1. Cβ-Cβ distance below 9 Å, separation of 6 or more or different chains: which pairs start in the range 68-94 with a residue that is over 12 Å from ALA122 (Cβ atoms) and end on one that is open to solvent by 70 Å² or more (accessible area, probe 1.4 Å) and not in a loop (DSSP other than H, G, I, E, B)?
2. Would you be able to tell me the number of residues in the range 159-179 that are loosely packed, with under 10 Cβ neighbours inside 10 Å and of a type in the set (Ser, Thr, Tyr)?
3. Is it fair to say ASP23 is open to solvent by less than 60 Å² (accessible area, probe 1.4 Å) and free of Cβ contacts under 8 Å to residues at least 12 places away in the same chain?
4. Within the range 10-20, identify whether any single residue is closer than 30 Å to VAL130 by Cβ, among the acidic types (Asp, Glu) and open to solvent by less than 50 Å² (accessible area, probe 1.4 Å), and answer yes or no.
5. Inspect all residues belonging to the range 180-200 and state whether any of them is aliphatic (A, V, I, L, M), in contact with a Cys (Cβ under 6 Å, 6 or more places away or on another chain), surrounded by 10 or more Cβ atoms within 10 Å (Cβ to Cβ) and within 26 Å of MET108 (Cα to Cα).
6. Mind checking which pairs have a first residue in the range 122-138 that is loosely packed, with under 12 Cβ neighbours inside 10 Å and a second that is among the aliphatic types (A, V, I, L, M) and modelled with pLDDT of 85 or more, Cβ under 8 Å, 6 or more apart or different chains?
7. Say whether the condition of being of a type in the set (D, E, K, R) and within 18 Å of the chain's Cα centre (by Cα) is met by at least one residue in the range 27-41.
8. In the range 52-67, how many are touching a residue at least 24 places away in the same chain (Cβ under 8 Å) and open to solvent by less than 100 Å² (accessible area, probe 1.4 Å)?
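The values are calculated or read from the model by the stated rules, or taken from the named source; none is laboratory data. Here the structure is a predicted model, which is why all the values come from computation and not from measurement. Here Cβ is always computed from backbone atoms with ideal geometry, including for glycine, and neighbour counts include all displayed protein chains. Only protein heavy atoms, including side chains, enter the accessible area calculation; ligands, DNA and RNA are left aside. Shrake-Rupley method; radii C 1.70, N 1.55, O 1.52, S 1.80 Å.
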Amino acid sequence: SRISSRIRSFIDLFKGKGYVASDFKKIKAKCTHEFETREGNYYTEENYLRNMSFIQLVEPVYRFYESYLSRNHLIDFNDMINKAIELIENEGIANNFKYVFVDEYQDMSYKNFQFIKTLKTACNAHLVVVGDDWQSIYGFRDSDISLFNDFCDYFPNANRVFIEKTYRNPQELIDIAGNFIMKNDSQFKKSLKSDTSIEN
């Protein structure tokens, strides 16, 4: 059902941001503060009641879920990332990796970014990422395109290389898509080239 899907998504994002059960109190306080101070048009009484009702519904489900995992000695994907960060920070890492490679970097979430940065730092490894800001599609799953766009701020002295030749599509299609995408000011400016043409 729609409500169970929303609860599942909320718990996934909640854990993906590293929140724990005690953070529900902070979330409720933030909702109340934003409603009482009316920061923006969104904070109507109807939206406030809807948000608080959802939080009150999801909190016991989250607590039950975490209890179930603990009782059965299970972990989910978010736990894998969170526990890996914790283990590397507290105990170091046995294998000293020289390189860390990451594909589809444009869809990086902050928690996955933390894991990669922790691993890179622990190993003093070289980090190589591949991504295309034009293909970022997972914002709804907590990916943060600023981790891609501001990569050189997070990793000073990084080298950025643009690969602008494509073999997938003809030049005419690339030009149309590129002109559309470049209307978004936050996109990197690229000049894609193809050796193929619709006429060939």
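1. Between residues of the range 68-94 that are over 12 Å from ALA122 (Cβ atoms) and residues that are open to solvent by 70 Å² or more (accessible area, probe 1.4 Å) and not in a loop (DSSP other than H, G, I, E, B), the close pairs are LEU74/TYR68; ILE75/LYS83; ASP76/ASP12; ASP76/TYR65; PHE77/ASP12; ASN78/ASP12.
2. Total satisfying the criteria: 1.
3. yes
4. No.
5. For the range 180-200, residues aliphatic (A, V, I, L, M), in contact with a Cys (Cβ under 6 Å, 6 or more places away or on another chain), surrounded by 10 or more Cβ atoms within 10 Å (Cβ to Cβ) and within 26 Å of MET108 (Cα to Cα): absent.
6. If the second residue must be among the aliphatic types (A, V, I, L, M) and modelled with pLDDT of 85 or more, the pairs left are HIS126/VAL100.
7. no
8. Final tally of qualifying residues: 10.
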